[in-house]
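Before any comments, here is the structure.
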Amino acid sequence: MRWIDGHCDVLSKMWRDPQYRSFYDQGSPLDSSYHCLCEADVAMQVFAVWTPESVPRQQRLAVALKEIDFFYEEVVRDGSRVFLVTDGGQMDECGHGRIGALLLLEGADALHGDLANLRLFHRLGVRQMGLTWNFANEVADGIYEERGGGLTRFGRQVIMEMKRLGMILDVSHLSDRGFWEVIEETGLPILASHSNCRAVCAHKRNLGDEQIEALIQRQGLIGVTFVPEFVHHCAAEATIDQVLRHVEHICALGGADHLFFGSDFDGFANKLPGLESYSRLPQLVEALSKRYGDDLVRKWGWENGKQFYQRHLSP
């Protein structure tokens, strides 16, 4: 059963520590190594380019470019096993012995307030961008910024340029006000790559029911994630059954055709039992199949994401 994973943090791990520059090694410590992805039949993986808050602002462009260099040197290499996806027509090539790889810029901090850098990232293959990580930047406030502001003037310019370039906007990590200002924008494909339901787990990073319904109305995607803090109010008690509660809730809101999964693997340390890496994905697939049947699992694992990216990825 083919699968799309809407979010992983392999590239920032590669930048931080040389031991993670082993994507193809059988014993790689990465949660989303090539062999883990193959074991789980992941046909397309979204790779985030993320610069931590600890990086001085003036160095964030350089760090993001370094992570993209690791992507080309360590992940896609010659394209024989993993290949860059920039065009919706390539979705049919994913999963036939080759894994598609989509580049996501997680937070616009690396733009350094300059639209030319957005165009640079687009030329380097980035087709999806989240405006913020958890805090404020030149574009908008993140979900942990206490003032809860929305888009800046430069942020609106960024959105206009994203529309012109045919990019996809990711609202995970964005402030609530920023979310609603983005929803008001027309002609912009929108998804939440790795966010769960606040009604099930009242964490700031999760989405409220009205936000989920708005994404459904905009024909977007909601990526259920495996981060224990976003799955259950007591992270130590998070289980696969709790993940299914988020799936159930999105479906109850009418989102069965808009649900996929964004693991956030390699981006968090304390793992959910039974979902410690992508090699353990078959346990989630089994649990989903028992409750919902194979047809719905195929929809959530592959078909919803495939159809979204086929519609919205520009050549």
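Structure notes:
- The one condition in (1) under 30 Å from residue 166 (Cβ atoms); (2) free of Cβ contacts under 8 Å to residues at least 12 places away in the same chain that residue 252 fails to fulfil: (1)
- Just one residue in the set 88, 27 is open to solvent by less than 30 Å² (accessible area, probe 1.4 Å), more than 15 Å from the chain's Cα centre (by Cα) and more than 22 Å from residue 224 (Cβ to Cβ); that residue is 88.
- Looking across the stretch 214-235 at every residue that is touching a residue at least 12 places away in the same chain (Cβ under 8 Å) and part of a helix (DSSP H, G or I), the one that is surrounded by the fewest Cβ atoms within 10 Å (Cβ to Cβ) is identified as 235.
- Each residue in the stretch 46-78 was checked for being free of Cβ contacts under 8 Å to residues at least 12 places away in the same chain and under 18 Å from residue 134 (Cβ atoms), and 3 pass.
- From the options 275, 296, residue that is modelled with pLDDT of 95 or more and either under 27 Å from residue 88 (Cα atoms) or open to solvent by 10 Å² or more (accessible area, probe 1.4 Å) (or both): 296
- Leading residue by the ranking (nearest to residue 197 (Cα to Cα)) among those in the stretch 144-184 that are of a type in the set (S, T, N, Q) and open to solvent by less than 30 Å² (accessible area, probe 1.4 Å): 172
- Taking residues in the stretch 120-133 that are under 19 Å from residue 76 (Cβ atoms), and partners anywhere that are crowded, with 21+ Cβ neighbours inside 10 Å and of a type in the set (S, T, N, Q), the pairs with Cβ atoms closer than 9 Å and at least 6 places apart or on different chains are 128/193.
- Scan of the stretch 184-217 for residues that are over 18 Å from the mean Cα position of the chain (by Cα), more than 18 Å from residue 254 (Cα to Cα) and among the aliphatic types (A, V, I, L, M), ordered by number: 202
- Flag if residue 67 is open to solvent by 30 Å² or more (accessible area, probe 1.4 Å) and not aliphatic (A, V, I, L, M): no
- Residue in the stretch 236-258 that is farthest from residue 192 (Cα to Cα), counting only those that are crowded, with 23+ Cβ neighbours inside 10 Å, of a type in the set (A, V, I, L, M) and under 19 Å from the mean Cα position of the chain (by Cα): 243
- Residue under evaluation residue 141, criteria (1) open to solvent by 10 Å² or more (accessible area, probe 1.4 Å); (2) farther than 18 Å from residue 9 by Cβ; (3) without any contact (Cβ under 8 Å) to a residue 60 or more places away in the chain, criterion not met: (1)
- Any chance residue 147 is of a type in the set (Lys, Arg), more than 16 Å from residue 181 (Cα to Cα) and at pLDDT 95 or above: no
- Residue match in the stretch 283-293 (condition: basic (Lys, Arg) and surrounded by 16 or more Cβ atoms within 10 Å (Cβ to Cβ)): no
- For the stretch 142-179, a residue qualifies if it is under 21 Å from residue 227 (Cβ atoms), among the hydrophobic types (A, V, I, L, M, F, W, C) and in a helix (DSSP H, G or I), and exactly one does: 179.
- Every residue from the stretch 96-110 that is modelled with pLDDT of 95 or more and over 19 Å from the mean Cα position of the chain (by Cα): 98
The values are calculated or read from the model by the stated rules, or taken from the named source; none is laboratory data. Small disclaimer: the values here were computed from a predicted structure and weren't measured. Neighbour counts run over all protein chains shown; Cβ positions are idealised from the backbone, glycine included. SASA here: full protein model, heavy atoms, side chains in, ligands and nucleic acids out. Shrake-Rupley method; radii C 1.70, N 1.55, O 1.52, S 1.80 Å.
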